[in-house]
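Worksheet: the structure to be examined is printed underneath.
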Amino acid sequence: MSLVVFPFKSEDLRVVSANLTIAARHERVEEVWAVAAAEGSSMAEVASAAEQVAVITGTQVSVFAQDRLGTYRSGKGDGMNTAIRLAAERGFDRTHFYDADITNFDGSWIEGAERAADRGYGVVRHRFPRAATDAMITWMVTRPGLAILYADTFLPRLGQPLGGELLLSAAAVENLAADPFVRARSDWGVDTVITHATSTMGLGIYEHNAADGKRHALYGSLAEIEEMLLECLDAVSSLQGRPGPSKAAVFDSDPPAEVPVDLKETVAYDLTATRASVAESPDSREKAVLAWLGVDPEAPLTIDAEVWSWLYPRLLDGFRLDDEAWRAAAFRLWVERVTHYTTHWVPLGYDIAMSHLEATIHDFEGH
Ligand code: GDX
Ligand code: MG
């Protein structure tokens with residue numbers, strides 16, 4: 001039987017409650033867990049909603065706070081790793097993870113993952129179509145990083161290497177629970193290290209396409225995800241030197257499907273607010289980092305795909321999460337890259353913009 005886990009911090013209670021109910025009602029699901037952030041979570045409200053869900057559905061729904069397991073900022077990683085450790089102890093056949101803020105979550109996510117697991121895949125990852133200006137960490141940082149480090153494996157081909165929506169078999173959960181590198185990653189980097197770790201387990205990976213997309217809380221300024229950017233960049237950088245999946249590893253994926261029309265028109269972030277969030281001129285330490293990277297700190301920045309193709313590998317090599325100058329430089333460069341793409345490619349239409357992004361990943365792989 002299966003367990004469904006929702007890591008949560010502070011989300012719309014109605015959405016969380018609806019998602020707990022959907023999971024608890026599913027015939028394959030034996031238990032549902034909601035794992036609360038260490039600080040700033042709405043745990044009391046979610047716990048009382050969960051009690052009602054348990055009464056209505058007859059399924060056990062538990063709400064508890066995450067443990068402090070990792071060595072980075074205590075964030076979503078501690079939440080996922082707390083659940084992974086407990087799930088390994090309890091020995092569930094399958095463990096699903098879903099973000100708590102998905103507004104179009106329904107039984108088909110669980111069903112799609114379960115069916116692929118029935119066919120023998122040990123890890124099922126949900127992928128979904130996204131707006132042309134969404135997933136800017138995935139497109140500019142994580143997939144390029146995986147392409148550089150693991151060219152010609154399936155890792156750069158994953159649609160959502162940062163996705164928090166996945167199914168893990170008992171063997172995958174046991175391996176992750178025993179992996180100190182994964183357990184250490186208590187911050188937003190957890191998705192990257194889980195993606196990498198599960199890719200090397202030889203358990204077979206399947207990508208299930210949630211064709212309607214993942215509808216969830218979107219952002220205003222990209223500054224709102226600055227911490228996520230820096231931690232995801234650090235996580236992919238930390239994979240350097242770690243072996244990837246073998247070229248013979250089993251990886252299959254649902255065929256591409258039509259992208260919903262409204263997603264093609266969605267604007268996922270606020271360009272003006274994002275530009276305003278970057279300090280006008282770098283201080284002397286940030287200038288030194290920019291110069292080290294090969295960027296003229298006095299000249300205006302223009303970061304198209306060609307510039308990013310030589311600049312990003314250097315950033316991946318040198319980045320230091322605990323150094324303020326590196327953090328400021330990485331955020332500035334990423335914002336310039338994302339805004340350049342947004343103003344030059346997005347106006348050409350969804351399909352052209354997405355093909356351009358996909359082509360940049362092939363370039364990073366060296367072909
Ligand atoms: N337990 C716990 N602890 N849960 C947390 C924490 C924390 O410190 N911080 C956030 N969460 C929950 C949150 O409530 C939500 O359910 C989920 O984690 C994801 O957070 P959200 O703020 O919705 O992030 P976002 O931007 O939607 O990112 C998600 O998708 C990214 C992606 O697909 O690109 C999330 O799964 C990221 O890890 C992923 O990189
Ligand atoms: Mg979200």
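The values are calculated or read from the model by the stated rules, or taken from the named source; none is laboratory data. Because the structure is a prediction, the values reported are computed rather than measured. Using ideal geometry, Cβ is built from the backbone for each residue, glycine included, and neighbour counts are taken over all protein chains shown. Surface areas here come from the heavy atoms of the whole protein model, side chains and all, with no ligands, DNA or RNA. Shrake-Rupley method; radii C 1.70, N 1.55, O 1.52, S 1.80 Å.
Sorted by average packing, counted as other Cβ atoms within 10 angstrom per residue and highest first, what order do 120-132, 42-54 take?
Numbers: 120-132: 22.5, 42-54: 17.3.
Result, highest mean Cβ count within 10 Å first: 120-132, 42-54.
Please give the net charge around residue 42, taking every other residue with its beta carbon less than 12 angstrom from that of residue 42, where Lys and Arg add +1 and Asp and Glu add -1.
Details: positive: 9, 14; negative: 11, 12, 39, 45, 101.
That works out to -3.
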**Complete:** Amide H proximity to residue 159 below 5 Å, modelled H, separation 5+ or other chain, gives none
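How charged is the neighbourhood of residue 115? Take every other residue with its Cβ under 11 Å from the Cβ of residue 115, and add Lys/Arg as +1 and Asp/Glu as -1. Before the final figure, lay out each step's value.
Working: positive: 28, 119; negative: 111, 114, 118, 254.
Summing Lys/Arg as +1 and Asp/Glu as -1 gives -2.
Could you order the peptides 140-152, 314-326 from most to least packed, using the average number of other C-beta atoms within 10 Å per residue?
Top to bottom by mean Cβ count within 10 Å: 140-152, 314-326.
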**Item:** Under 5 Å, built H, 5+ apart or other chain: amide partners of residue 96
**Value:** 3, 4, 5, 168
**Request:** Identify which of 186, 237, 62 has the largest mean-square fluctuation in a Gaussian network model of the chain, with springs joining Cα atoms closer than 10 Å.
**Result:** 62
**Request:** For the chain, give the share of DSSP beta bridges that are antiparallel, in percent and rounded to the nearest 5; count only bridges with both residues there.
**Result:** 20
**Request:** Can you grab the distance from the C-alpha centre of region 322-367 to the C-alpha centre of region 256-308, Å, no decimals?
**Result:** 7
**Message:** Order 270-277, 79-86, 252-259 from most to least packed using the mean count of other Cβ atoms within 10 Å.
**Reply:** 79-86, 270-277, 252-259
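Which value in deg cm²/dmol, rounded to the nearest 500, describes the helix-derived mean residue ellipticity at 222 nm for the chain, given -39,500 (n - 2.57) per DSSP H run of n ≥ 4 and division by the residue count? Display every interim value, and only then the final one.
Values: 15 runs with 169 residues, N = 367.
Mean residue ellipticity, 222 nm, calculated: -14000 deg cm²/dmol.
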**Message:** Compute the distance from the alpha-carbon center of region 217-234 to that of region 4-44, in whole Å.
**Reply:** 23
**Prompt:** Per residue, how many Å² of accessible area does the chain show with a 1.4 Å probe?
**Reply:** 41
